[in-house]
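Input: a single structure, listed below in structure tokens.
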Amino acid sequence: MDDGLRGAISALLEKYDPATTPVADFLGARYDAGLAWVHFPEGLGGRSAPRAMQQEVNEAFAAAGAPTLDAGRHGIGLGMAAPTILAHGSDAVRRRFLRPLWTGEEVWCQLFSEPGAGSDLAALGTRAVQEEGTGDWIVDGQKVWTSLAHEAQWAILVARTDPDVPKHQGMTYFVCDMTAPGVEVRPLRQATGEAEFNEVFLTGVRIPDAHRLGAVGEGWRVAQTTLMNERVAIGGHAEPREGGLIGVVANTWRERPELRTPALHDALLRLWVDAEAARLTGERLRQQLAAGQPGPEGSAAKLAFAQLNQRISGLELELLGAEGLEYEDWSFRRPAHPSMIDGTPGYRYLRAKGNSIEGGTSEILRGIIAERVLGLPQEIRVDKDVAWKDLPR
């Protein structure tokens with residue numbers, strides 16, 4: 001870390017005591033000092049510094065006991081909306097949204113998947129029509145599997161603006177006000193008893209053209225920025241050794257010797273090695289990100305994360321036997337920041353099933369890895385040059 005960053009961190013900590021300053025105030029001061037995302041431009045939470053310095057800055061603040069936002073509640077804003085707004089938003093959009101996103105004053109959600117367009121996002125049918133005179137966009141449609149829609153003030157939204165061109169070409173990307181008239185959020189109850197996800201119905205929702213990210217018809221290209229960052233955020237986040245579910249099961253193994261068998265020992269060791277390999281691969285991915293934007297390699301990290309969570313949570317139930325099947329509460333609830341680590345073994349097992357769907361299904365991620373990482377031939381796509389309106393549905 002250079003002397004300029006060290007001096008800025010010291011000055012901020014001297015002026016704002018992390019122990020007594022309200023979280024939003026401290027994070028706002030950090031943003032204003034250019035110490036939020038150091039590689040962002042000056043005035044937008046950064047200093048145009050090398051991205052590689054971000055980890056050192058984060059470690060310095062962590063050592064001082066500085067507050068951070070709950071990743072479960074603000075992960076979509078920090079990990080997906082912010083880099084997309086920076087890359088494709090106007091100066092006015094960047095200045096309006098990045099600071100309250102960083103301070104946690106505004107929660108974000110993601111309006112991408114639809115009942116008929118999940119794995120094949122480009123098949124989406126939510127329509128956005130530009131109104132003559134005002135230039136505003138009027139949006140109608142339905143989105144699904146929307147995490148935190150019941151908590152969010154803002155959403156990143158992809159909608160179809162031209163049905164007469166092939167499906168990848170006729171989409172546009174917007175920032176949508178979740179409190180606007182015509183936005184209806186309905187809970188989706190899961191096997192865990194929670195309604196962590198939601199359906200969102202959009203009926204005549206008005207979005208100003210100023211809240212468009214990227215050019216009209218360039219929504220697929222803009223969405224790739226979001227999706228690549230999403231998969232890195234899910235699968236490539238920093239973990240200490242034995243972080244995540246493998247640490248939970250390893251601790252149970254150490255504390256409950258009566259549960260041990262040679263077969264379970266072998267299974268645990270194999271998963272421990274796989275988890276450590278995934279952790280180190282994620283660390284290498286983060287180092288690669290320091291030199292540029294996330295690429296398709298993040299898909300591999302997310303795929304490994306989903307597989308590991310499902311295998312580890314299954315082993316935990318095998319280890320605990322009937323005790324692991326106990327479930328403390330099936331009552332309907334809507335969590336603001338769900339956590340697999342804090343739940344019961346039965347909860348972890350059920351919740352892990354969703355890991356291979358959310359953030360890109362494992363099947364789609366394997367296709368991305370095959371084509372964009374390994375360079376294998378692309379699958380035949382007969383709908384590639386067909387206008388969206390002519391596709392069978």
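The values are calculated or read from the model by the stated rules, or taken from the named source; none is laboratory data. Values in this document were obtained by computation on a predicted structure and should not be read as measured data. To get the accessible areas, we keep the full protein, side chains included, count just its heavy atoms, and leave off ligands, DNA and RNA. Shrake-Rupley method; radii C 1.70, N 1.55, O 1.52, S 1.80 Å.
Go ahead and estimate [θ] at 222 nm for the chain from helices alone: -39,500 (n - 2.57) per DSSP H run with n ≥ 4, summed, over the residue count, rounded to 500.
Details: 12 runs with 154 residues, N = 393.
Mean residue ellipticity, 222 nm, calculated: -12500 deg cm²/dmol.
Test of understanding: express the Cα radius of gyration of segment 335-393 as a ratio to 2.2 N^0.38 Å, with N the residue count. List each step's numbers first, then the result.
On the way: Rg = 17.9 Å, N = 59, 2.2 N^0.38 = 10.4 Å.
Against the compact-globule rule of thumb, the ratio is 1.73.
Alpha carbons only, please: Rg and Dmax for segment 63-124, in angstrom.
Rg then Dmax for segment 63-124, in Å: 14.4, 48.
What Kirkwood hydrodynamic radius do you get for segment 1-53 when you take the inverse of the mean 1/r over all pairs of distinct Cα atoms, in Å? The partial results should precede the final answer.
Working: mean 1/r = 0.0900 Å⁻¹.
Computed over Cα pairs of segment 1-53, the Kirkwood hydrodynamic radius comes out at 11.1 Å.
Sequence gap at least 6, Cα distance under 8 Å: using those rules, report the relative contact order of the chain to the nearest whole percent. Mind dumping the intermediate values first?
Numbers: 666 pairs, mean separation 58.3, N = 393.
Computed over the chain, the figure is 15 percent.
Measure out, as a whole number of angstrom, how far apart the alpha-carbon centroids of segment 113-144 and segment 343-393 sit.
20
Just list whichever of LYS143/LYS302; LYS353/LYS384; LYS302/LYS389; LYS167/LYS302 have alpha carbons separated by over 29 Å in the model shown.
On the way: LYS143/LYS302 23 Å; LYS353/LYS384 31 Å; LYS302/LYS389 33 Å; LYS167/LYS302 26 Å.
The pairs that break the limit, which is 29 Å between Cα atoms, are LYS353/LYS384; LYS302/LYS389.
Run through the DSSP bridge list for segment 85-158 and note the antiparallel percent, rounded to the nearest 5.
Working: 5 of 9 bridges.
Percentage antiparallel, nearest 5: 55.
Based on the alpha carbon coordinates of segment 149-237, what radius of gyration and maximum Cα-Cα distance (Dmax) apply, in Å?
For segment 149-237, the Cα-based Rg and Dmax read 14.9, 42 Å.
Counting only protein heavy atoms and using a 1.4 Å probe, what share of the accessible area of the chain belongs to carbon plus sulfur, as a whole percent?
On the way: 9820 of 18500 Å².
Using a 1.4 Å probe with all protein chains present, the chain comes out at 53 percent carbon and sulfur.
For ARG241 and LYS389, compute 0.36 nm times the residue count separating them, minus their Cα-Cα distance, and round to one decimal in nm. Write down the numbers at each step before the final one.
Working: separation 148, 0.36 × 148 = 53.28 nm, distance 5.03 nm.
So the extension gain works out to 48.2 nm.
Could you work out the per residue convex hull volume over the alpha carbons of segment 125-172, in cubic angstrom? Could the numbers behind the result be given before it?
On the way: hull volume 4.6 nm³, N = 48.
Hull volume normalised by residue count: 96 Å³.
For segment 1-100, report the translational diffusion coefficient in µm²/s to the nearest whole number, using Stokes-Einstein at 20 °C, 1.002 mPa s, and a Kirkwood Rh over Cα pairs.
Values: Rh = 13.9 Å.
D = 155 µm²/s.
Volume per residue, Å³, of the convex hull around the alpha-carbon atoms of the chain? Before the final figure, lay out each step's value.
Working: hull volume 63.4 nm³, N = 393.
Convex hull of Cα atoms, per residue: 161 Å³.
Figure the gain on full extension for GLU105 and HIS265 (residue separation times 0.36 nm, minus the Cα-Cα span) and round it to one decimal in nm. Kindly include the intermediate steps, with their values, before the conclusion.
On the way: separation 160, 0.36 × 160 = 57.60 nm, distance 4.62 nm.
Full-extension gain reported as 53.0 nm.
Per residue, how many Å² of accessible area does segment 81-230 show with a 1.4 Å probe? Display every interim value, and only then the final one.
Values: 5420 Å² over 150 residues.
For segment 81-230, the solvent-accessible area averages 36 Å² per residue.
How big is the antiparallel share of DSSP beta bridges in the chain, given as a percent to the nearest 5?
Values: 27 of 34 bridges.
Counting DSSP beta bridges with both partners in the chain, the antiparallel share is about 80 percent.
Could you pull the Cα extents of segment 86-229 along its three principal axes, largest to smallest, in whole Å?
44, 36, 31
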